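The values are calculated or read from the model by the stated rules, or taken from the named source; none is laboratory data. Since the structure is predicted, the reported quantities are computational estimates derived from the model, not experimental observations. With ideal geometry, Cβ positions are generated from the backbone for all residues, glycine too; neighbour counts draw on all protein chains shown.
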Amino acid sequence: MSLANTASSYGSVAKTLHWLTALLILTLFPLGIVANNMAYELRTAAAPSDDLLARTAWLFSLHKTLGVTVFFVALIRIAWALRQPKPGLLHPDRKAESFAAETVHWLLYGSLVLVPLSGWIHHAAASGFAPIWWPFGQNLPLVPKSETVAAAMGGAHWVLTKVLAVSLLLHIAGALKHHFVDRDMTLRRMWFGAPDLPQADSSHKHAMPVIAALAFWALALSGGAAMGVYAPHGAGHDGTALQKVASDWQVQDGTLSITVTQLGSEVSGTFSDWTAAITYDETVENGIAGTVEVTIAIASLTLGSVTGQAMGPDYFDATTFPTATFAADIMRVVDGHEAVGTLTIRDQSVPITLPFGLSVNGDEASMVGGITLDRRNYGIGDNMADESSLKFAVEVDVDLIASRGSDQTG
């Protein structure tokens, strides 16, 4: 059998790439469904086990790795196809059928690139577990860590997967129709061996199937936009903003973030809704110089791909415990400042000392601080008794700019 195509038959390279792609795609679809079902179970379980988390992450890593493999196989396949003659139509007189078949082929080729690429960009833009099993590719050039980019690519991946599924079903249906109804050589000439092939017509090359495929993609992606699939859709805030509080110092800009380590990967996120009532006397040189009382809306946390899981009953349990609070005295110490007080999460109150740097310039102040907490002190992830899945340590970082004012929200 020849490696290259001829005017009437496909070569062994094209056949190998075709069936390798088919094997990968037919593996990826059920794998993705199972992994997503396990992820849903993980988010909704009252106390998800270490084993469930590890198996879910493993399946997603396998799915992502095979997806990236499809991307490169598809590029090789397309590059090879562009260098080879394409076997002609066996039924050139069937204009409508030929047009549909060509359109489906273009949809398949494009989807085999766009589906894994959108998934890969989503992975690179998001923070979360389940790495790709490659020595490269966790991050991509020009792709920032961004919830907006991750959500847009995640939505595009979902839409384009549907286009791929429809195209694949139509492609299979057409092949079976040729084999069992028409009883022609369409399917056999893509299988290995050297069947006795009839002369094929090669006059079917035109642009309309490409235009039709582009229109189909545009329609599908527009439908996704109408459904809102490109917007960030983590657990998200429930829409009930915290009330403003009276404060001597008004936060003008600030970030309250946490970093956890899950399955060896760091995942960072931020709370978008929090308030702080701050008093501070910059003339105090030693001892208590003020107070701070912070209220945090737990549901406003965005924590990469594990946001939904973090809101679950065994973690923050945002439904039962919608807020966390930190009440402390601001202490002036020899080498800077400390906020000495009590942090309450899930009704568990623990004394903490938050060291921070502070710079006051007239009526404006900037503050940067951080602390490492132990999740076990707050009953978070109690079912994960060791650190194999989720580290005990949680890094908390705060960075804000405040000015003298009367009321404020974070």
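Observations, loosely collected:
- Residue tally, condition over 15 Å from Ser265 (Cβ atoms) and surrounded by fewer than 12 Cβ atoms within 10 Å (Cβ to Cβ), over segment 136-145: 4
- Conditions (1) assigned to a loop (DSSP other than H, G, I, E, B); (2) of a type outside the set (Lys, Arg); (3) touching a helix residue (DSSP H, G or I) at 6+ places or on another chain (Cβ under 8 Å); number of the one not met by Asp93: (3)
- Selection status of Trp80, at pLDDT below 95, in contact with a helix residue (DSSP H, G or I) (Cβ under 8 Å, 6 or more places away or on another chain), farther than 18 Å from Ala385 by Cα and part of a helix (DSSP H, G or I): yes
- Evaluated against (1) modelled with pLDDT under 90; (2) assigned to a helix (DSSP H, G or I), Pro85 falls short on exactly one condition, (2).
- Counting the residues of segment 271-290 that are among the polar types (S, T, N, Q), in contact (Cβ under 8 Å) with a residue 12 or more places away in the chain and surrounded by fewer than 20 Cβ atoms within 10 Å (Cβ to Cβ) gives 3.
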